[in-house]
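A short worksheet on the structure shown next.
Throughout, read-outs are computed from the coordinates displayed, never taken from laboratory work. Since the structure is predicted, the reported quantities are computational estimates derived from the model, not experimental observations. Because the Cβ atoms are built from the backbone with ideal geometry, glycine has one as well, and the counts that use them run over all protein chains shown.
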Amino acid sequence: MDQCFSRTRGQEEECTPVFTSLGMIVLDEIRFPGKAPISNVIGGSGAYTTLGARLFNSGAHSKGVGCLVLAGKDFPQPAESTLRDWETSLAFRKDPTTLSTRGLLKYEDTTFGPKKFRYTTEPMKSTPKHLQAEAHLLRSKAFHLLATPAEVVQQIPELMSLRRKRGITERPYIVWEPLPMTCTLENRQAFLDACKLVDVFSPNHLEMTGLFTPEPPNSFKPAELAGQYGSLTMSRSESAVWMPAFYELGATQVIDPTGAGNAFLGGFGVGLQRTETLAEAAAYGSVAASFALEQIGLPRRESDGDGETWNGCTVISRLDEYKSRLEEKKASSSAGEAG
């Protein structure tokens, strides 16, 4: 098992993960009409949020991203090698008595539009208890959960208790991604109660709408969250910030949006810690999401003496490009108002 935790004070601080996901790693089988299925595609919220955080932590900083993998006896070696190649603070736990978490993702056509998903094995869900033997991950400065309100209410106190037992008194950021099917009117109060325990609550536009109306939205409204349209973030201390997606609607670079929302959260979690502003954090998230949707599965990482690239592009150059676009739009808008 890879370790980033060190006993010396200086090294311990340097190696403390900035982000760890408690989401699942899922091995997907993807099916399109009239085509052969694609098997063992790495997916799940755990994989993609970890990706989002890892994109902004290259080189020696890669160990600053925690990665917890609960694998079964059938977990493919190529998939394991891919995750190890990211060089994160990896805790890879293989259970020889059970099968890995697997899912079937069926698309109704070849446009990556309407789809159905179901688990084909019993899901191996990560919880705070899995961190008891992983001291380096338990020290993380931020945690991501894909959970129901009831799970949040149970797991956050459990996580804090485990940290206190290790002498960790600093409160981490908690990033909560709601389980989609629980976002209903009936559960709204449970969500409000659970939100008191987290720092970031991130539903998409459909999930947010589900908490306030029994019917799905007929059209997009700019006050909601919607992946291809961008993101809306707000807090008690900052006004609402609307950020466009990196790619415009219809862009040919967009292949499969699966996992883009998860990757956004990983990038957002890192950006929020570094910049402490919603707009900057959302910029990190938007760029992270752009790498997730350029292919089926995870992006291709390559490294050499000059650094690393993902899908042939450096993350910082894409972030700079995104920020430049925002500045140009801002300048254009200001000029229009002045005229």
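Can you order the peptides 15-26, 96-107, 80-91 by their average number of other Cβ atoms within 10 Å per residue, highest first? Each step should come with its number before you reach the end.
Numbers: 15-26: 25.1, 96-107: 16.4, 80-91: 18.3.
Sorting 15-26, 96-107, 80-91 by mean packing, highest first, produces 15-26, 80-91, 96-107.
Take V69, V153 and order them by how many other Cβ atoms sit within 10 Å, fewest up front. Don't skip to the answer; put the middle values down first.
Numbers: V69 24, V153 15.
Ranking V69, V153 by Cβ neighbours within 10 Å, fewest first, gives V153, V69.
Ranked from highest to lowest mean number of other Cβ atoms within 10 Å per residue, what is the order of the peptides 187-195, 171-179, 30-38? Walk me through the intermediate numbers first.
Values: 187-195: 15.7, 171-179: 20.1, 30-38: 13.1.
In decreasing order of mean packing, 187-195, 171-179, 30-38 become 171-179, 187-195, 30-38.
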What is the packing order of peptides 132-138, 39-45, 305-311, 259-265, taking the mean over residues of other C-beta atoms within 10 Å and listing the highest first?
259-265, 39-45, 132-138, 305-311
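Write down the Kirkwood hydrodynamic radius of region 221-294, to one decimal in angstroms, obtained as one divided by the mean of 1/r over all alpha carbon pairs.
Working: mean 1/r = 0.0815 Å⁻¹.
Radius from the Kirkwood sum: 12.3 Å.
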Amide H partners (placed H, <5 Å) of A91, local residues excluded:
C67, L68, V69
For region 101-173, evaluate the Debye formula with one uniform point scatterer on each Cα (no solvent term) and list log10 I(q)/I(0) at q = 0.15 Å⁻¹, rounded to two decimals.
-0.65
Which whole-number percentage describes the relative contact order of the chain, with Cα contacts under 8 Å and a sequence gap of 6 or more?
16
Checking the cross-link filter: which aspartates and glutamates have an alpha carbon closer than 13 Å to that of K323, excluding same-chain neighbours under 8 positions apart?
E280
On each of the three principal axes of the Cα atoms of the chain, give max minus min coordinate, whole Å, ordered largest first.
63, 52, 52
The distance between the Cα centres of region 284-329 and region 87-109, in whole Å, is 25
As a quick test, which of the pairs K35/K106; K129/K165; K94/K129; K73/K165 have an alpha carbon distance above 22 angstrom in this structure?
K73/K165
Would you mind checking region 273-288 for residues with the amide N under 18 Å from a putative spin-label position 7 Å along Cα→C-beta of C195?
278
Would you work out the Kirkwood radius for region 105-253? I mean one over the mean of 1/r across all pairs of different Cα atoms, in Å.
17.8
